[in-house]
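The block underneath contains the structure these notes are about, expressed in C-alpha cells.
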Amino acid sequence: MRKLLVLPLVAAALSGCGLLYTDIKVPRGYRTASPAEVKAAPDDPMATGKACNRSLLFLVAWGDGSYAAAVRDALGTRDGIMYDVRADMKVDAYLVGLYTRVCTVVAGRVAKP
C-alpha cells in the first residue's frame with residue numbers, strides 16, 4: 001500500500017518547474033504583424049532575440065521566457081516594429097533535468113516606425 005502512495009507523490013514532486021520556488025513567465029500565444037500591416041521594405045534587417053527560464057534541482061525556477069521579452073531582446077536599441085516573426089522554443093536539460101533552461105527564440109524583420 002505504501003508503494004502505491006509513494007508513486008503519485010514522486011510524480012507530483014517532479015512534475016513542476018520548481019518544487020520550492022517558481023517565478024517564470026512563458027509564452028502562450030502571439031500575433032505577428034504581416035508585411036502588409038507595416039511599412040515594410042525589401043531591405044528591412046532581420047533580428048533575432050532570446051528570453052529564457054531556468055530551473056535548478058527541481059526546487060527553484062526563475063526567469064522571463066516570454067514572447068515579449070524575446071522581442072525586446074531582438075529589437076535591442078532599435079526603434080522599430082517586428083513583423084513576419086517566427087517563434088521557437090529551445091530546451092536544454094542537463095543531468096536528467098537537474099538544471100534546465102527553456103528559451104523562447106524569435107526571429108523576424110524589423111520595420112521602421
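Laid out as a table, the results:
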read-out: Anisotropy class of segment 50-113 from Cα gyration tensor, a/c 1.5 cut; value: prolate
read-out: Additional length obtainable on full extension of the chain from Asp79 to Trp62, 0.36 nm per residue less Cα span; value: 3.3 nm
read-out: Around Lys90: net Lys/Arg minus Asp/Glu count, Cβ-Cβ under 12 Å; value: 0
read-out: Backbone HN-Hα couplings from phi across segment 100-108 [Karplus 6.51/-1.76/1.60, Hz, Gly and Pro as x]; value: 10, 10, 10, 10, 9, 10, 10, 9, x
read-out: Cβ-based exposure ranking for Ser34, Ser66, Ser55, in which fewest neighbours within 10 Å come first; value: Ser34, Ser66, Ser55
read-out: Protection proxy ranking of 67-77, 39-49 - average other beta-carbon atoms within 10 Å, highest first; value: 67-77, 39-49
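FYI, it's all coordinate maths here, none of it is from the lab. Predicted, not measured: the structure shown is a model, and the values here were computed from it. In this analysis, Cβ positions are derived from the backbone assuming ideal geometry, glycine residues included, and neighbour counts consider all displayed protein chains.
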